[in-house]
Structures are given as structure tokens and as C-alpha cells.
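A quick write-up on the structure given underneath.
Read-outs throughout are calculated quantities, based only on the coordinates presented, and are distinct from any laboratory measurement. Quick caveat: nothing in here was measured; it's all calculated off a predicted structure. No Cβ is skipped: glycine too gets one built from the backbone with ideal geometry, and neighbour counts run over all protein chains shown.
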Amino acid sequence: MWMLNRKSELTKMEAAIEDNALHIHPEEWEKSQAAEAAKAEKIIIAFDTPADGRGFSIIKQIIAVSEKTNYKPLFIAQGALTPDHARMAFQSGFDEIYISDDNVERHTEEGWRSTISKSVDHTYLETALLSTQKPIWSQRHSA
């Protein structure tokens, strides 16, 4: 298990630090739970598939409630995320992302670290690249 934070620090952990954490699974979530969830010390929101964006909606619902009390839980995203999701996760209010060993191996440590520091243009468009590296769009759609 690995942990990525807002500073692009990727740290290997022996196990996820889940003590006192409230685990939220999108398929079980109801908006009416936001007020109670906002009182938790630590919230881990699961992402079951890379295409499932419900975790981003859930965190916004909880933050809207917690802002009224001036208390912010520690928000952690965990599950089927890709480096492309990291920037959006942090912009949405997540403090950390827990990443499986397989996911770090698939996308590389550097891939996870650099995704936050690069602009979207730099990552996806050839015109923004100053090196010989192909942008993601070209890598994914090359013949």
C-alpha cells in the first residue's frame, strides 16, 4: 500500500492507516449521511472503478456540511484510481490517496508523483512538451 499526498510525496506503507476511519462505499451512500460523516476524524471514500466519480460528489457533500462547523475531517481516496484522478481528488478536497502496490506498479512511482505537478496541457498535448516524450494522448492512440 502506498500513500500520495498533496505535495506529490509518495510513501510506501506497511498497511493502510485505517484506525478510527469511517469507510464510505458509494453504492451505500445517501446524502442524508453527510452531517454524521462530517463529524468523523478520518474518512476513506472508496472508488470501485476508474469510471466511478461518485466519490467526488460524496466528498463535496460532506465538505459542505463540515464547513458550517469549521471542522474538516482527513479525507482519503482509495481504490481504482489512476494518476489522472489525483489532481481532481486533491482539488475536490481529498488530503491523501491510498494506492495499491499493483496500481503503483502499473502507473509507476514517477507517474503518480508527477501527475500533480504537470499541467493538463503538459500531460496531454504535444505542443506543451519540451522533451521527446510523447504526451499521454499520443501514447494511448498510437498506431
Mean projected area in nm² (Cα convex hull; one quarter of hull surface) for segment 3-57: 4.9
If I model a spin label at Ser114 and Tyr71 as a point 7 Å from the Cα along the Cα→Cβ vector, what separation in nanometres do I get? 4.2
Separation in nanometres of the label points that stand 7 Å from Cα toward Cβ, at Ala35 and Asp102: 4.0
